[in-house]
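Structure first, then comments.
The values are calculated or read from the model by the stated rules, or taken from the named source; none is laboratory data. Here the structure is a predicted model, which is why all the values come from computation and not from measurement. Here the Cβ is made from the backbone with ideal geometry for all residues, glycine too, and neighbour counts use every protein chain on show.
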Amino acid sequence: GAVVSQHPSWVICKSGTSVKIECRSLDFQATTMFWYRQFPKQSLMLMATSNEGSKATYEQGVEKDKFLINHASLTLSTLTVTSAHPEDSSFYICSASLRDTITDTQYFGPGTRLTVL
Amino acid sequence: AQSVTQPDIHITVSEGASLELRCNYSYGATPYLFWYVQSPGQGLQLLLKYFSGDTLVQGIKGFEAEFKRSQSSFNLRKPSVHWSDAAEYFCAVGTNAGNMLTFGGGTRLMVKP
């Protein structure tokens, strides 16, 4: 149980184009989903928190107009990187929060490798 | 603000040897603590978590962790390492009933044959 998928697993795009990444919780409903960015050999950096039916909450320094997040349902959140540039190349990981007993646990997707040429 | 420190960036152990990965946290309230493992190019898999009760927590793949409040630590252990355990390990502290995670810098485990 608690499986999270991401699509695509990797994408290569030209500079200036937009890329959409999907995050789905396959066997549970997630009120809250999270988007992280991970640079090579580094830890995860939280970009934003996404709640179903409301606007995402972005971390300081993350451009909300560049990284558009939509959480349209309890099982789907999308991250759109608009007007992508080479510096946006990174590994993007989503997670979905599942509440069990008295605590929430984040379950992570497999990640999406974005390369901007 | 909460923080997590994983003092060891790299650790190399021989297959079959025991393993301990260190994690120290700083958080003013009751911590929710997690260990995740990440294989190259993959997402994170939950190994185990702690939020109350028995301070020795059992997880998947033969891992366990012990919460020591006096030392602000949550070290991960395994009695006998397998080559497939080679990966990056992340300790995290959760706030807001565990919903918001702060990660440590990670420890890369290498396993010698």
- Task: May I ask you to verify whether B:Ser52 is more than 27 Å from A:Met47 (Cα to Cα) and within 14 Å of chain A (Cβ to nearest Cβ)?
- Result: yes
- Query: When you scan region B:7-113 for strands (runs of 3 or more DSSP E) that lie fully inside it, which ones turn up with 2 or more residues that are in contact (Cβ under 8 Å) with a residue 12 or more places away in the chain?
  - Reply: B:10-14, B:19-21, B:24-26, B:32-38, B:44-50, B:64-68, B:73-78, B:87-95, B:100-103, B:107-112
- Item | Scan of region A:1-44 for residues that are more than 19 Å from A:Thr57 (Cβ to Cβ) and among the β-branched types (Val, Ile, Thr), ordered by number | A:Val3, A:Val4, A:Val11, A:Ile12, A:Thr17, A:Val19
- Counting only residues that are within 13 Å of chain A (Cβ to nearest Cβ) and among the aromatic types (Phe, Trp, Tyr), which one in region B:77-110 is surrounded by the fewest Cβ atoms within 10 Å (Cβ to Cβ)? B:Phe103
- Task: Go through region A:95-116 and count every residue that is out of contact with any helix residue (DSSP H, G or I) (no Cβ under 7 Å at 6 or more places or on another chain), within 19 Å of A:Pro40 (Cβ to Cβ) and more than 8 Å from chain B (Cβ to nearest Cβ).
- Result: 2
- Going by the conditions given, is A:Pro40 at pLDDT 95 or above and more than 10 Å from every other protein chain (Cβ to nearest Cβ)? no
- Task: Mind telling me which of the residues B:Leu21, B:Leu76, B:Leu56, B:Leu101 ends up being at pLDDT below 95, touching a Phe, Trp or Tyr at 6+ places or on another chain (Cβ under 9 Å) and hydrophobic (A, V, I, L, M, F, W, C)?
- Result: B:Leu101
- Message: Taking the conditions exactly as written (more than 12 Å from chain A (Cβ to nearest Cβ) and within 15 Å of the chain's Cα centre (by Cα)), does B:Pro113 satisfy them or not?
- Response: no
- Here are A:Ser83, A:Ser77, A:Ser54: which of them is farther than 21 Å from B:Tyr32 by Cα, surrounded by 20 or more Cβ atoms within 10 Å (Cβ to Cβ) and either modelled with pLDDT of 90 or more or not hydrophobic (A, V, I, L, M, F, W, C) (or both)? A:Ser77
